[in-house]
1. I need to check one value: relative contact order of the chain, counting alpha carbon pairs closer than 8 Å and at least 6 residues apart, in percent.
2. I'd like the accessible area for ILE179: 1.4 Å probe, protein heavy atoms, all chains in place, Å² to the nearest 10.
3. Taking amide H positions as placed 1.01 Å from N in the peptide plane, with prolines and chain starts having none, which residues 5 or more places from ILE172, or on another chain, fall under 5 Å of its amide H?
4. Excluding ligands and nucleic acids, what accessible area in Å² is computed for VAL89 using a 1.4 Å probe, to the nearest 10?
5. Solvent-accessible area per residue for the stretch 2-80 at a 1.4 Å probe radius, Å²?
6. Calculate how steeply helix 196-211 sits against the longest principal axis of the alpha-carbon atoms of the chain, using the helix alpha-carbon long axis, and give the answer as 0 to 90 degrees to the nearest 10.
7. In the chain, what percent of the accessible surface is made up of carbon and sulfur (1.4 Å probe, ligands and nucleic acids excluded)?
8. Which of the three applies to the stretch 43-139, rounded, prolate or oblate, going by the alpha-carbon gyration tensor with a ≥ b ≥ c and a/c under 1.5 meaning rounded?
Amino acid sequence: MLEQIRQAVLEGDLDNTSELVRKALDEGVGPASILNDAMIPAMDVVGAEYESGVRYIPEMLISAEAMKAGMVHLRPLLAEAGIEARGRVVLGTVEGDLHDIGKNLVGMMLEGAGFEVIDLGVEVTAERFVDAARENAPDILAMSALLTTTMVNMPDVVEAIRNSELAKMPKILIGGAPITEEFAKSIGADGFAPDAPSAATVAGALLEAKER
Ligand code: B1M
(Lines give C-alpha, C1' and ligand atoms only; values in the text may rest on other atoms or scores of the structure.)
Protein backbone atom coordinates (compact mmCIF):
# COMPACT_ATOMS: atom_id res chain seq x y z
CA MET A 1 0.00 0.00 0.00
CA LEU A 2 2.82 2.43 0.92
CA GLU A 3 4.62 1.61 -2.32
CA GLN A 4 1.43 2.29 -4.28
CA ILE A 5 1.08 5.70 -2.59
CA ARG A 6 4.72 6.49 -3.33
CA GLN A 7 4.16 5.60 -6.99
CA ALA A 8 0.96 7.67 -7.20
CA VAL A 9 2.77 10.77 -5.88
CA LEU A 10 5.70 10.16 -8.23
CA GLU A 11 3.29 9.90 -11.16
CA GLY A 12 1.43 13.01 -10.00
CA ASP A 13 -1.84 11.08 -9.90
CA LEU A 14 -4.01 13.28 -7.65
CA ASP A 15 -7.13 11.08 -7.56
CA ASN A 16 -5.23 7.87 -6.99
CA THR A 17 -3.07 9.42 -4.27
CA SER A 18 -6.14 10.72 -2.46
CA GLU A 19 -7.97 7.39 -2.82
CA LEU A 20 -4.99 5.27 -1.76
CA VAL A 21 -4.26 7.43 1.29
CA ARG A 22 -7.91 7.13 2.38
CA LYS A 23 -7.81 3.37 1.81
CA ALA A 24 -4.55 2.99 3.75
CA LEU A 25 -5.98 4.94 6.68
CA ASP A 26 -9.14 2.75 6.60
CA GLU A 27 -6.92 -0.32 6.72
CA GLY A 28 -5.17 1.01 9.82
CA VAL A 29 -1.90 2.30 8.35
CA GLY A 30 -0.69 5.16 10.55
CA PRO A 31 -0.73 8.70 9.11
CA ALA A 32 2.90 9.29 10.11
CA SER A 33 3.96 6.16 8.26
CA ILE A 34 2.07 7.21 5.13
CA LEU A 35 3.82 10.58 5.27
CA ASN A 36 7.31 9.45 6.24
CA ASP A 37 7.52 6.10 4.45
CA ALA A 38 5.66 6.91 1.23
CA MET A 39 4.97 10.56 0.49
CA ILE A 40 8.16 12.28 1.68
CA PRO A 41 10.38 9.65 -0.01
CA ALA A 42 8.40 10.20 -3.24
CA MET A 43 9.00 13.95 -3.07
CA ASP A 44 12.71 13.30 -2.37
CA VAL A 45 12.85 11.38 -5.66
CA VAL A 46 10.93 14.17 -7.44
CA GLY A 47 13.47 16.73 -6.17
CA ALA A 48 16.43 14.57 -7.19
CA GLU A 49 14.95 13.95 -10.65
CA TYR A 50 14.40 17.70 -11.15
CA GLU A 51 17.97 18.45 -10.08
CA SER A 52 19.36 15.87 -12.50
CA GLY A 53 17.24 17.20 -15.37
CA VAL A 54 15.01 14.11 -15.69
CA ARG A 55 11.96 16.05 -14.56
CA TYR A 56 10.75 19.53 -15.52
CA ILE A 57 8.83 22.14 -13.51
CA PRO A 58 5.30 21.06 -14.61
CA GLU A 59 6.03 17.44 -13.65
CA MET A 60 7.37 18.59 -10.30
CA LEU A 61 4.25 20.73 -9.77
CA ILE A 62 1.90 17.87 -10.50
CA SER A 63 3.63 15.56 -8.00
CA ALA A 64 3.49 18.35 -5.43
CA GLU A 65 -0.26 18.65 -6.12
CA ALA A 66 -0.67 14.89 -5.62
CA MET A 67 1.18 15.21 -2.32
CA LYS A 68 -1.25 17.98 -1.34
CA ALA A 69 -4.24 15.79 -2.27
CA GLY A 70 -2.98 13.12 0.12
CA MET A 71 -2.11 15.63 2.83
CA VAL A 72 -5.77 16.71 2.98
CA HIS A 73 -6.53 13.38 4.70
CA LEU A 74 -3.36 13.23 6.77
CA ARG A 75 -3.08 16.76 8.15
CA PRO A 76 -5.98 16.60 10.67
CA LEU A 77 -4.93 13.15 11.86
CA LEU A 78 -1.32 14.19 12.28
CA ALA A 79 -2.43 17.23 14.28
CA GLU A 80 -4.79 15.08 16.40
CA ALA A 81 -2.02 12.60 17.14
CA GLY A 82 0.24 15.48 18.16
CA ILE A 83 2.76 14.54 15.51
CA GLU A 84 4.84 17.61 15.00
CA ALA A 85 6.16 18.90 11.73
CA ARG A 86 9.90 18.82 11.21
CA GLY A 87 10.00 22.58 11.51
CA ARG A 88 7.90 25.66 10.78
CA VAL A 89 8.48 28.02 7.86
CA VAL A 90 6.94 31.45 7.24
CA LEU A 91 7.04 32.02 3.49
CA GLY A 92 6.20 34.95 1.23
CA THR A 93 7.02 36.96 -1.88
CA VAL A 94 8.47 40.35 -0.99
CA GLU A 95 6.77 43.73 -1.15
CA GLY A 96 5.94 45.00 -4.65
CA ASP A 97 6.21 41.54 -6.21
CA LEU A 98 3.23 39.55 -7.48
CA HIS A 99 5.09 36.46 -8.74
CA ASP A 100 4.08 33.41 -6.79
CA ILE A 101 4.47 30.32 -8.98
CA GLY A 102 8.02 29.60 -7.82
CA LYS A 103 7.18 30.57 -4.24
CA ASN A 104 4.23 28.15 -4.24
CA LEU A 105 6.45 25.40 -5.57
CA VAL A 106 8.96 26.11 -2.80
CA GLY A 107 6.09 25.87 -0.28
CA MET A 108 4.99 22.53 -1.71
CA MET A 109 8.49 21.07 -1.68
CA LEU A 110 8.96 22.26 1.91
CA GLU A 111 5.68 20.56 2.87
CA GLY A 112 6.84 17.53 0.95
CA ALA A 113 9.97 17.51 3.11
CA GLY A 114 7.88 17.52 6.30
CA PHE A 115 7.80 21.24 7.15
CA GLU A 116 4.72 23.15 8.26
CA VAL A 117 4.41 26.13 5.92
CA ILE A 118 2.65 29.37 6.72
CA ASP A 119 2.29 31.09 3.38
CA LEU A 120 1.78 34.86 3.62
CA GLY A 121 1.20 35.19 -0.13
CA VAL A 122 2.61 37.96 -2.30
CA GLU A 123 3.60 41.60 -1.75
CA VAL A 124 4.55 40.90 1.85
CA THR A 125 5.97 43.92 3.65
CA ALA A 126 8.83 43.74 6.14
CA GLU A 127 6.35 44.63 8.88
CA ARG A 128 4.07 41.75 7.92
CA PHE A 129 7.02 39.31 7.91
CA VAL A 130 7.98 40.48 11.41
CA ASP A 131 4.37 40.20 12.65
CA ALA A 132 4.08 36.68 11.22
CA ALA A 133 7.39 35.70 12.81
CA ARG A 134 6.12 37.01 16.14
CA GLU A 135 2.80 35.16 15.82
CA ASN A 136 4.14 31.85 14.56
CA ALA A 137 7.68 31.55 15.96
CA PRO A 138 8.99 29.93 12.76
CA ASP A 139 12.33 28.12 12.53
CA ILE A 140 12.82 29.58 9.08
CA LEU A 141 11.65 32.74 7.34
CA ALA A 142 11.67 32.19 3.58
CA MET A 143 11.46 34.99 1.01
CA SER A 144 11.04 34.91 -2.74
CA ALA A 145 11.61 37.73 -5.29
CA LEU A 146 11.39 37.57 -9.07
CA LEU A 147 12.17 41.16 -9.99
CA THR A 148 15.43 43.05 -9.80
CA THR A 149 13.31 45.96 -8.56
CA THR A 150 11.90 43.96 -5.61
CA MET A 151 14.91 41.88 -4.55
CA VAL A 152 16.20 45.14 -3.08
CA ASN A 153 13.39 44.89 -0.50
CA MET A 154 14.94 41.74 0.95
CA PRO A 155 17.65 43.51 3.02
CA ASP A 156 14.90 45.55 4.72
CA VAL A 157 13.18 42.35 5.83
CA VAL A 158 16.45 40.86 7.08
CA GLU A 159 17.16 44.04 9.02
CA ALA A 160 13.62 44.28 10.41
CA ILE A 161 13.76 40.66 11.59
CA ARG A 162 17.20 41.04 13.16
CA ASN A 163 16.16 44.27 14.89
CA SER A 164 12.89 42.88 16.20
CA GLU A 165 12.90 41.44 19.66
CA LEU A 166 11.64 38.02 18.71
CA ALA A 167 11.72 35.33 21.37
CA LYS A 168 12.93 32.92 18.71
CA MET A 169 15.08 34.24 15.86
CA PRO A 170 14.36 32.42 12.58
CA LYS A 171 17.01 31.50 10.05
CA ILE A 172 16.48 33.45 6.82
CA LEU A 173 16.33 31.64 3.48
CA ILE A 174 15.99 33.50 0.18
CA GLY A 175 15.58 32.64 -3.48
CA GLY A 176 14.05 33.61 -6.80
CA ALA A 177 15.29 34.04 -10.35
CA PRO A 178 17.49 37.16 -9.84
CA ILE A 179 18.89 36.02 -6.47
CA THR A 180 22.42 34.69 -6.14
CA GLU A 181 24.44 33.16 -3.33
CA GLU A 182 26.58 36.33 -3.25
CA PHE A 183 23.51 38.55 -2.88
CA ALA A 184 22.21 36.34 -0.08
CA LYS A 185 25.53 36.61 1.75
CA SER A 186 25.74 40.35 1.16
CA ILE A 187 22.40 41.00 2.86
CA GLY A 188 23.08 38.67 5.78
CA ALA A 189 20.61 35.90 4.86
CA ASP A 190 21.46 32.51 6.34
CA GLY A 191 20.74 30.54 3.20
CA PHE A 192 20.08 30.69 -0.53
CA ALA A 193 18.52 28.09 -2.80
CA PRO A 194 18.35 28.27 -6.60
CA ASP A 195 15.24 26.09 -6.92
CA ALA A 196 12.41 24.52 -4.96
CA PRO A 197 13.94 21.10 -4.24
CA SER A 198 17.14 22.68 -2.99
CA ALA A 199 15.08 25.13 -0.88
CA ALA A 200 13.82 22.07 1.00
CA THR A 201 17.36 20.69 1.35
CA VAL A 202 18.79 24.02 2.52
CA ALA A 203 15.89 24.48 4.97
CA GLY A 204 16.73 21.07 6.46
CA ALA A 205 20.40 22.04 6.78
CA LEU A 206 19.50 25.39 8.41
CA LEU A 207 17.28 23.58 10.88
CA GLU A 208 20.06 21.16 11.78
CA ALA A 209 22.52 24.03 12.19
CA LYS A 210 19.99 25.76 14.46
CA GLU A 211 19.60 22.68 16.64
CA ARG A 212 23.35 22.17 17.03
CO1 B1M B 1 6.71 38.71 -14.66
N2 B1M B 1 8.58 39.10 -14.98
N3 B1M B 1 6.33 40.61 -14.48
N4 B1M B 1 4.86 38.16 -14.52
N5 B1M B 1 7.25 36.99 -15.22
C6 B1M B 1 9.50 37.96 -15.13
C7 B1M B 1 10.06 37.54 -13.77
C8 B1M B 1 10.60 38.55 -16.13
C9 B1M B 1 11.96 37.87 -16.01
C10 B1M B 1 10.04 38.50 -17.58
C11 B1M B 1 10.99 39.11 -18.57
O12 B1M B 1 11.04 40.31 -18.70
N13 B1M B 1 11.76 38.30 -19.26
C14 B1M B 1 10.61 40.04 -15.71
C15 B1M B 1 11.57 40.44 -14.61
C16 B1M B 1 12.76 41.22 -15.12
C17 B1M B 1 13.64 41.58 -14.00
O18 B1M B 1 13.27 42.13 -13.01
N19 B1M B 1 14.90 41.26 -14.18
C20 B1M B 1 9.16 40.25 -15.31
C21 B1M B 1 8.50 41.51 -15.27
C22 B1M B 1 9.32 42.69 -15.75
C23 B1M B 1 7.17 41.66 -14.83
C24 B1M B 1 6.36 42.96 -14.76
C25 B1M B 1 7.12 44.18 -14.20
C26 B1M B 1 5.80 43.21 -16.17
C27 B1M B 1 5.06 44.52 -16.33
O28 B1M B 1 4.00 44.67 -15.79
N29 B1M B 1 5.70 45.43 -17.04
C30 B1M B 1 5.18 42.56 -13.84
C31 B1M B 1 5.48 42.84 -12.36
C32 B1M B 1 4.28 42.61 -11.49
C33 B1M B 1 4.68 42.63 -10.04
O34 B1M B 1 5.17 41.65 -9.54
N35 B1M B 1 4.50 43.78 -9.39
C36 B1M B 1 5.10 41.09 -14.08
C37 B1M B 1 3.95 40.37 -13.97
C38 B1M B 1 3.83 39.00 -14.21
C39 B1M B 1 2.50 38.24 -14.17
C40 B1M B 1 1.54 38.74 -13.10
C41 B1M B 1 1.86 38.43 -15.53
C42 B1M B 1 3.01 36.76 -14.05
C43 B1M B 1 3.07 36.26 -12.60
C44 B1M B 1 1.96 35.30 -12.27
C45 B1M B 1 2.19 34.67 -10.92
O46 B1M B 1 3.29 34.45 -10.46
N47 B1M B 1 1.07 34.37 -10.29
C48 B1M B 1 4.43 36.86 -14.57
C49 B1M B 1 5.19 35.75 -15.00
C50 B1M B 1 4.46 34.42 -15.09
C51 B1M B 1 6.57 35.84 -15.35
C52 B1M B 1 7.47 34.77 -15.96
C53 B1M B 1 7.05 34.63 -17.42
C54 B1M B 1 7.47 33.42 -15.31
C55 B1M B 1 7.79 33.42 -13.82
C56 B1M B 1 7.52 32.03 -13.28
O57 B1M B 1 6.49 31.78 -12.68
N58 B1M B 1 8.45 31.08 -13.55
C59 B1M B 1 8.91 35.45 -15.80
C60 B1M B 1 9.84 35.14 -16.97
C61 B1M B 1 10.50 33.81 -16.83
O62 B1M B 1 10.87 33.41 -15.73
N63 B1M B 1 10.65 33.15 -17.92
C64 B1M B 1 8.58 36.85 -15.51
C65 B1M B 1 8.29 29.68 -13.15
C66 B1M B 1 8.70 29.51 -11.67
C67 B1M B 1 8.58 28.05 -11.26
O68 B1M B 1 10.05 29.91 -11.58
O69 B1M B 1 9.48 31.84 -10.07
O70 B1M B 1 11.84 31.57 -11.01
P71 B1M B 1 10.56 30.98 -10.51
O72 B1M B 1 10.92 30.05 -9.27
C73 B1M B 1 12.00 29.15 -9.31
C74 B1M B 1 13.30 29.70 -8.71
O75 B1M B 1 13.45 31.08 -8.92
C76 B1M B 1 13.24 29.27 -7.28
O77 B1M B 1 12.47 28.07 -7.30
C78 B1M B 1 11.63 28.00 -8.45
C79 B1M B 1 11.91 26.72 -9.26
O80 B1M B 1 12.11 25.61 -8.56
N81 B1M B 1 12.66 30.14 -6.26
C82 B1M B 1 13.08 30.04 -4.96
C83 B1M B 1 11.67 31.03 -6.31
N84 B1M B 1 11.43 31.53 -5.10
C85 B1M B 1 12.29 30.94 -4.24
C86 B1M B 1 12.45 31.06 -2.85
C87 B1M B 1 13.44 30.27 -2.24
C88 B1M B 1 14.22 29.40 -2.97
C89 B1M B 1 14.06 29.25 -4.33
O90 B1M B 1 13.68 30.30 -0.92
C91 B1M B 1 12.77 30.96 -0.08
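The values are calculated or read from the model by the stated rules, or taken from the named source; none is laboratory data. All values reported here derive from a predicted model rather than from experimental measurement. Reconstructed Cβ throughout: ideal geometry from the backbone, glycine too, with neighbour counts over all protein chains shown. Accessible surface is based on the protein model in full, side chains and every heavy atom, while ligands, DNA and RNA are left aside. Shrake-Rupley method; radii C 1.70, N 1.55, O 1.52, S 1.80 Å.
1. Numbers: 369 pairs, mean separation 38.2, N = 212.
Computed value for the chain: 18 percent relative contact order.
2. 10
3. Residues meeting the criterion, in which the H sits 1.01 Å from N, are LEU141, ASP190, GLY191.
4. Looks like 0 Å² after rounding.
5. On a per-residue basis, the stretch 2-80 sits at 50 Å².
6. Compared with the principal axis, the helix lies near 70 degrees.
7. Percent of accessible area from carbon and sulfur atoms in the chain: 51.
8. Details: a/c = 2.23, a/b = 1.16, b/c = 1.92.
Oblate.
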